[in-house]
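Structure incoming, see below.
No lab work stands behind these numbers, since they all come straight from the coordinates. None of the values given here were measured: they were computed from a predicted structure. Positions of Cβ are generated from backbone atoms using ideal geometry, with glycine treated the same way; all protein chains shown enter the neighbour counts.
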Amino acid sequence: MNVTLETATIETPAGSFRVATKDGALVAAGFEEATPRLVARLEARFGPLELREAPDPGGAVTALGRFLSGDLGGLDGLRVDLGGTPFQREVWAALRAIPAGATTTYGELAKRVGRPRAVRAVGSANAANPVSIVVPCHRVVGKDGLRGYAGGIARKEWLLEHEGAVTRAG
């Protein structure tokens, strides 16, 4: 039996962005080119999928529209169902606690989750984030400047500038 996910595409200044929800909770979000990777992760998690287009799955289109229009808290109320390991969920919760307009480093994030030596593991959890922007992995920077972002450094810079964050680009 297939699991039904509601999906939508939102056009943003940084490119087309896809969202998917299950039972009203966001389970995947990312820029269009990441869709095959996100679908593969969702199939591994849920099994066979049926993707059904919807106008505003889980309110994600509306929330993202508010965020893009300048309401930087517009994504805060979205329900998410992230899956992942307990450690990943802990890191993702810590990411959601970083306010818009702020950044942190991988080392600082590792300390926040009580594992100061787990910087690489925090980086891996950050990279495995299934709901880009909503779980704001773009707010994590290297101690000497911007570091990787699945959507590309230009998008990371755009998101941080949109939020009014001071980037430490070197």
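For ARG89 and LEU51 in the same chain, what is the full-extension length gain: residue separation times 0.36 nm, less their Cα-Cα distance, in nm?
Between ARG89 and LEU51, full extension yields an extra 11.2 nm.
For ALA25 and ASP144, what is the calculated FRET efficiency with R₀ set at 25 Å and r taken between the beta-carbons, to the nearest 0.05?
Numbers: r = 37 Å, r/R0 = 1.46.
Once rounded, the FRET efficiency stands at 0.10.
Using +1 at the Cβ of each Lys and Arg and -1 at the Cβ of each Asp and Glu in the chain, identify which of LEU146, VAL135, PHE67 lies farthest towards the dipole's positive end.
About the Cα centre, the residue reaching furthest to the positive side is LEU146.
Pull up the cross-link candidates among the aspartates and glutamates for LYS22, meaning alpha carbon to alpha carbon under 17 Å and not fewer than 8 places away within one chain.
GLU6, GLU43, GLU50, GLU53, ASP56, ASP81
Label segment 3-68 by shape, choosing from rounded, prolate and oblate, from the square roots a ≥ b ≥ c of the eigenvalues of the Cα gyration tensor; if a/c is under 1.5 it is rounded, and otherwise prolate applies when a/b is larger than b/c, oblate when it is not.
oblate
Report, please, the projected area of segment 86-163 averaged over directions, based on the convex hull of its C-alpha atoms, in nm².
One quarter of the hull surface, i.e. the mean projection, equals 4.5 nm².
About its Cα centre, what dipole magnitude does segment 86-163 give when the only charges are +1 on Lys and Arg Cβ and -1 on Asp and Glu Cβ, stated in debye to the nearest 20?
340 debye
Output the relative contact order of the chain, whole-number percent, from Cα pairs under 8 angstrom with separation of 6+ residues.
Numbers: 277 pairs, mean separation 35.1, N = 170.
The normalised contact order for the chain reaches 21 percent.
Neighbour counts of other C-beta atoms within 10 Å: give me VAL19, VAL141, VAL61 arranged from fewest to most. Intermediate values should be presented prior to the final figure.
Values: VAL19 30, VAL141 22, VAL61 17.
Listed from fewest to most nearby Cβ atoms, that is VAL61, VAL141, VAL19.
To the nearest 0.05, how large is the calculated FRET efficiency for SER124 and SER69 if R₀ is 25 Å and r is the Cβ-Cβ distance? Show your work: numbers first, answer last.
On the way: r = 33 Å, r/R0 = 1.32.
After rounding, the FRET efficiency stands at 0.15.
Between segment 98-137 and segment 5-57, what is the C-alpha centre distance in whole Å?
22 Å
Once you charge only the Cβ atoms, +1 for Lys and Arg and -1 for Asp and Glu, what is the size of the charge dipole of the chain about its Cα centre, to the nearest 20 debye?
Here the size comes out at about 880 debye.
A further question follows. Is it possible to state the helix-based mean residue ellipticity at 222 nm for the chain, with each DSSP H run of 4+ residues giving -39500 (n - 2.57), the sum divided by total residues, to the nearest 500 deg cm²/dmol? What is it? Spell out each step's value before the answer.
On the way: 6 runs with 59 residues, N = 170.
My calculation for the chain gives -10000 deg cm²/dmol from helical runs alone.
Quick check on the chain: take the gyration tensor over C-alpha atoms, sort the square-rooted eigenvalues as a ≥ b ≥ c, and tell me if it's rounded (a/c under 1.5), prolate or oblate.
It is oblate, given that a/c is not under 1.5 and a/b is not larger than b/c.
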